[in-house]
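The values are calculated or read from the model by the stated rules, or taken from the named source; none is laboratory data. Quick caveat, the model's predicted, so the values are computed rather than measured. Don't worry about glycine lacking a Cβ; one is built from the backbone with ideal geometry, like all the others, and counts go over all protein chains shown. For the accessible areas, the whole protein counts, side chains as well, though only heavy atoms, and no ligand, DNA or RNA atoms are used. Shrake-Rupley method; radii C 1.70, N 1.55, O 1.52, S 1.80 Å.
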Amino acid sequence: MKSVYLDQIRRQNPLIHNITNTVAAHLSANGLLAIGASPLMSAALEEMEALPQISRALVINIGTLSGKDPETMILAGKSANRAGIPVILDPVGVAATPYRREMVACLLEEVEFEVIRGNVGELAHLAGVAWQAKGVDAGEGEADVAAIARRVAEQYRCVAAVSGKTDYISDGLRLAKIHNGTPMFTRITASGCLLGAVCGAFAAVAEGKVFEAVCEACTAYAVAGELAAASLKPTELGQFGVNLMNELGALSAAVIEQNARIVYE
Amino acid sequence: MKSVYLDQIRRQNPLIHNITNTVAAHLSANGLLAIGASPLMSAALEEMEALPQISRALVINIGTLSGKDPETMILAGKSANRAGIPVILDPVGVAATPYRREMVACLLEEVEFEVIRGNVGELAHLAGVAWQAKGVDAGEGEADVAAIARRVAEQYRCVAAVSGKTDYISDGLRLAKIHNGTPMFTRITASGCLLGAVCGAFAAVAEGKVFEAVCEACTAYAVAGELAAASLKPTELGQFGVNLMNELGALSAAVIEQNARIVYE
Amino acid sequence: MKSVYLDQIRRQNPLIHNITNTVAAHLSANGLLAIGASPLMSAALEEMEALPQISRALVINIGTLSGKDPETMILAGKSANRAGIPVILDPVGVAATPYRREMVACLLEEVEFEVIRGNVGELAHLAGVAWQAKGVDAGEGEADVAAIARRVAEQYRCVAAVSGKTDYISDGLRLAKIHNGTPMFTRITASGCLLGAVCGAFAAVAEGKVFEAVCEACTAYAVAGELAAASLKPTELGQFGVNLMNELGALSAAVIEQNARIVYE
């Protein structure tokens, strides 16, 4: 894989507007800074028309959705669509409750998303495939993950990214599998949410090449995690969080290219 | 002490629903993951009936209570009571303001709590004992801490856990004192909140043996803190936070049993 | 520079009430604990009259302002003014949207602030000086930063602190330049927000000597950052966050005095 967009992020420092959950906010902001983007976290209804106009991408994460958040997200999403910037959806735990299911359906109705990223439980739900998720965790099922990625991409006319031991990325036509990563990602909170934000930064500088951008984003992030875990025991979860930020800070095109294990089908 | 429940948590990965404060959310989620539980943080009124039905415990922490939170907590608490899962209360800074006092009184009226965990200032208030707390900190007083634990347990028919240099756990009849721990717990934020969440995970797998579960939870957590602090200067607070997650990740029945300093009265 | 106030903070453990953003809450609470203060984070309208009466300073940070927050901040600010405790304003990203501009104008109308701290983009806006800020980042401009600090101090009758490569502190008459610090501060989120909270802790024990307190606060914080970065590569951002807490924990009058590079004009 040729890394194209990381250098663009470090050069352009794109402003990424995040409407995200209270658990992930700090980690996502730090991770975006580490790769060279400029994070702005806001869920104020009053500035949802203004912010997308000065931002380069909008990331919507429903992890702790409540109250006026759906209205806020729709307003921001529509404004971002008008402004022509990519909008990323992270449908955290969408299958867990009727409220989440309805609100995400509503978001998908009202806003055009360039990227939908989630674990297999979440994207299986969006694809209408049977799957046993647990809360905000991936859960278990027997469906074909590649088919889920393709179906979400087709159905919502977006790039779909299914995160897991292997990541599956599809735009409906193409499919990429990323074999980088570490099981330690599943042992710290909000690591998926941060990946959603990272996808936003890559999409921001990709000038419409969203599939390529998401492939590079997911590979870069998985490589950073792999390197962060390399010297650790699987129980050293605190240190993994520290190392992950170090590795995101140190990421370069060369590091990505040397470590990428991505296969296109 | 025989460790029974940690292995159950690691085996069952119980889903723990947390309604917690914005300061503690990230740490609590990470700590729950580290011990093997599956955290879900939500304070959306709209899903408070649904979430307790798929969760194994509910942890209510009032640290940054505001707006519709009391209503949300009561709805979730009642739903959890109906579902028969343990509900844990962490009455952060309850004595600090009339608002907190009233809202906690209201919660205690409407919801049955299996566990109430707090510092001595907070539980002294609930026991109706004079105590000089300071904001959300423990403060100072002369009352008998064991008596406070017993009285809270009796009055609210729950297991009461008073955290401090020595932890006191009581179900009204029995009393345990845990002599593990480290003063560094008081120098990082939300360490008490995380313990409340950990109590939830242990209670979730205890099949009604809540006193035993809370004793093991408080011992396990204090042991992890002790080990995290062992190699550090008392000022290395950043590193303590990192080590604490590492030690929670590495905790095992053997580690708990080897280090436990618990006395039953 | 003679360090006077750090020891007072460690001795008195002043309660600092923070109304802050969701990204900064955890870091700010930990940083305040590390320097010896006692943090309380609350944005509950219902306790905004009560909390300033038991606190020693109030820090208002608009980073993720929304909904009833402006009302809450004004109520708390007026209560703090009546109680005679210092109030600190951190106008995060004030120039980014009309909503932020209007709400900050409103706050400045209704509440007397002893300290206004921000980056040059934020304080340039308050001083009415042309500046190209980007979201919540400092941005670029050609104005004289010392003049901006002086003008904000005069206009709002406060101590103004402009954070950057060099910090500028002014009370309208005096001006101090602090040459300590590290570029790594700009690569982690909420480092400015934490400095605002630290200014609150120093102002709390300064008995009206607010200019001196803010000079010491900004020097102490910049020295801690400098020491935290000393052994690191510029990409080790995770470790920088850990080290910063360690160094804040280890700060002493001697460390500040040995490292301070402050010039008064």
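I'd like the antiparallel share, as a percent to the nearest 5, of DSSP beta bridges with both residues in the protein assembly as shown. It would help to have the intermediate numbers written out before the result.
On the way: 36 of 93 bridges.
Taking every DSSP beta bridge within the protein assembly as shown, about 40 percent pair in antiparallel fashion.
In whole Hz and in residue order, list the ³J(HN,Hα) couplings for the stretch C:52-63 that follow from phi through the Karplus curve 6.51 cos²θ - 1.76 cosθ + 1.60, θ = phi - 60°; x for Gly and Pro.
Calculated HN-Hα couplings, in order: x, 6, 10, 9, 9, 7, 10, 10, 10, 10, 9, x Hz.
When you take every Cα atom in the stretch A:155-265, what is the radius of gyration, and what is Dmax, the widest Cα pair distance, in Å?
Looking at the stretch A:155-265, its Cα Rg and Dmax stand at 13.6, 41 Å.
Please report, to one decimal in angstroms, the Kirkwood hydrodynamic radius of the protein assembly as shown built from all distinct Cα-Cα pairs.
On the way: mean 1/r = 0.0380 Å⁻¹.
After inverting the pairwise mean of 1/r, the radius is 26.3 Å.
With +1 on each Lys and Arg Cβ and -1 on each Asp and Glu Cβ, how big is the dipole of the stretch A:5-264 about its Cα centre, in debye rounded to the nearest 20? Show your work: numbers first, answer last.
On the way: 20 positive and 27 negative charges, 63 e Å.
Its charge dipole is roughly 300 debye.
Would you calculate the convex hull of the Cα atoms in the stretch A:1-88 and tell me its volume per residue in Å³? Please report the intermediate quantities before stating the final value.
Numbers: hull volume 8.5 nm³, N = 88.
Per residue, the Cα convex hull of the stretch A:1-88 comes to 96 Å³.
Quick check: with the 1.4 Å probe, what order do C:Glu154, A:Glu212 take by accessible area, largest first? Could the numbers behind the result be given before it?
Details: C:Glu154 115, A:Glu212 65 Å².
Solvent-accessible surface, decreasing: C:Glu154, A:Glu212.
At A:Ser252, label 7 Å along Cα→Cβ: distances to the other copies, nm, ascending?
In nanometres, ordered from closest: 4.0, 4.0.
What ratio of Cα Rg to 2.2 N^0.38 Å holds for the stretch B:1-158? Each step should come with its number before you reach the end.
Details: Rg = 15.6 Å, N = 158, 2.2 N^0.38 = 15.1 Å.
The reported ratio for this selection is 1.04.
So, taking all protein chains as they sit and a 1.4 Å probe, how much accessible area belongs to A:Tyr264, in Å² rounded to tens?
120
For the stretch C:217-265 and the stretch A:71-124, compute the distance between their C-alpha centroids and round to whole Å.
Result: 42 Å between the Cα centres.
Keeping all protein chains in place and using 1.4 angstrom, which order do C:Val210, B:Val152 fall into by accessible surface area, from largest down?
From most accessible down to least: C:Val210, B:Val152.
HN-Hα J couplings of the stretch C:165-181 from phi, Karplus 6.51/-1.76/1.60, θ = phi - 60°, integer Hz, Gly and Pro as x?
3, 10, 8, 10, 10, 9, 10, x, 9, 8, 9, 10, 10, 10, 9, 7, x
Provide the gained length on full extension for the span C:Val263 to C:Glu154, in nm with one decimal, where the gain is 0.36 nm per separating residue minus the Cα-Cα distance.
Numbers: separation 109, 0.36 × 109 = 39.24 nm, distance 2.04 nm.
Fully extending the segment from C:Val263 to C:Glu154 adds 37.2 nm.
Inter-copy label distances at C:Arg174, 7 Å along the Cα→beta-carbon direction, one decimal in nm, shortest first?
Going from nearest to farthest copy, the values are 6.2, 6.2 nm.
Scan chain B and hand back the longest stretch that contains none of the trypsin sites (Lys or Arg not before Pro) lying in DSSP loops with at most 14 other Cβ atoms within 10 Å. If you can, show how the numbers build up before the last one.
Numbers: sites that count: B:Lys2, B:Lys68, B:Arg157, B:Lys165.
Excluding the exposed sites themselves, the longest stretch runs over B:166-265.
Would you tally the net charge around C:Cys218, using a Cβ to Cβ cut-off of less than 14 Å, leaving C:Cys218 out, and scoring K and R as +1, D and E as -1?
Numbers: positive: C:Arg117, C:Lys165, C:Arg174, C:Lys177, C:Arg261; negative: C:Asp90, C:Asp167, C:Asp171, C:Glu212, C:Glu216, C:Glu226.
Net local charge, C:Cys218 excluded: -1.
Could you please tell me the mean projected area of the C-alpha convex hull for the stretch C:5-264, averaged over all directions and given in square nanometres to one decimal? It would help to have the intermediate numbers written out before the result.
Working: hull surface 48.2 nm².
Result: a mean projected hull area of 12.0 nm².
Per-residue ellipticity at 222 nm for chain C, helices alone: DSSP H runs ≥ 4 residues times -39500 (n - 2.57), over residue total, nearest 500 deg cm²/dmol?
On the way: 11 runs with 126 residues, N = 265.
That comes out to -14500 deg cm²/dmol.
How large is the charge dipole for the stretch C:44-159, taken about the Cα centre, if only the Cβ atoms of Lys, Arg (+1) and Asp, Glu (-1) carry charge, to the nearest 20 debye? Each step should come with its number before you reach the end.
Values: 11 positive and 17 negative charges, 32 e Å.
It comes to approximately 160 debye.
Using a Förster distance of 22 Å, how high is the FRET efficiency between A:Thr166 and A:Gln132, based on the Cβ-Cβ distance and rounded to 0.05? List each step's numbers first, then the result.
Details: r = 19 Å, r/R0 = 0.88.
Calculated transfer efficiency: 0.70.
If you take every DSSP beta bridge fully contained in the stretch B:25-144, what fraction is antiparallel? Give it as a percent rounded to 5. Provide the component values of the computation, followed by the final result.
On the way: 2 of 8 bridges.
Beta bridges within the stretch B:25-144, antiparallel portion: roughly 25 percent.
Near B:Ser163, within a Cβ-to-Cβ distance under 13 Å, what is the net charge of the other residues, with Lys and Arg +1 and Asp and Glu -1?
Combined, the nearby Lys, Arg, Asp and Glu give -1.
Distances from A:Leu232 to the same residue in each other copy, label points 7 Å out along Cα→Cβ, in nm, shortest first?
1.6, 1.6
Each residue of the stretch C:5-11 in turn: what ³J(HN,Hα) in whole Hz from Karplus with 6.51, -1.76, 1.60 and θ = phi - 60°, glycine and Pro shown as x?
Whole-Hz 3J(HN,Hα) from phi for the stretch C:5-11: 8, 4, 4, 5, 4, 5, 7.
With Cβ to Cβ distances under 13 Å as the rule, what net charge do the other residues near B:Lys78 carry (K, R +1; D, E -1)?
-4
Out of every Cα-Cα pair in the stretch C:107-194, what percent are more than 16 Å apart? Mind showing how you got there, number by number?
Values: 1940 of 3828 pairs.
For the stretch C:107-194, the fraction of Cα-Cα distances above 16 Å is 51 percent.
Within the stretch A:5-264, how many Lys pairs that are eight or more residues apart, or on different chains, come under 22 Å at the alpha-carbon? Intermediate values should be presented prior to the final figure.
Working: A:Lys68/A:Lys78; A:Lys78/A:Lys209; A:Lys134/A:Lys165; A:Lys165/A:Lys177; A:Lys165/A:Lys233; A:Lys177/A:Lys209.
Within the stretch A:5-264, the lysine pair count is 6.
Say the dipole of the stretch A:5-264 comes from +1 at the beta carbon of Lys and Arg and -1 at that of Asp and Glu; which of A:Ile116, A:Gln12, A:Thr182 then lies farthest toward its positive end?
So the residue furthest toward the plus end is A:Thr182.
Would you mind telling me the antiparallel percentage of the DSSP bridges in the stretch A:5-264, rounded to 5? Before the final figure, lay out the partial values.
Details: 12 of 31 bridges.
The answer is about 40 percent antiparallel.
Share of chain C's accessible area from carbon and sulfur, percent, 1.4 Å?
On the way: 4560 of 9300 Å².
The C+S portion of the solvent-accessible surface of chain C is 49 percent.
Taking the full set of protein chains and a 1.4 angstrom probe, give the accessible area of A:Ile35 in square angstrom, rounded to the nearest 10.
The value for A:Ile35 is about 0 Å².
In whole percent, what relative contact order does chain A give with Cα contacts below 8 Å and a gap of six or more residues?
Values: 550 pairs, mean separation 54.6, N = 265.
Taking the mean separation of contacting Cα pairs over the length of chain A, I get 21 percent.
Enter the accessible area of C:Ser42 (Å², nearest 10), with the probe set to 1.4 Å and all protein chains included.
For C:Ser42, solvent-accessible area is about 0 Å².
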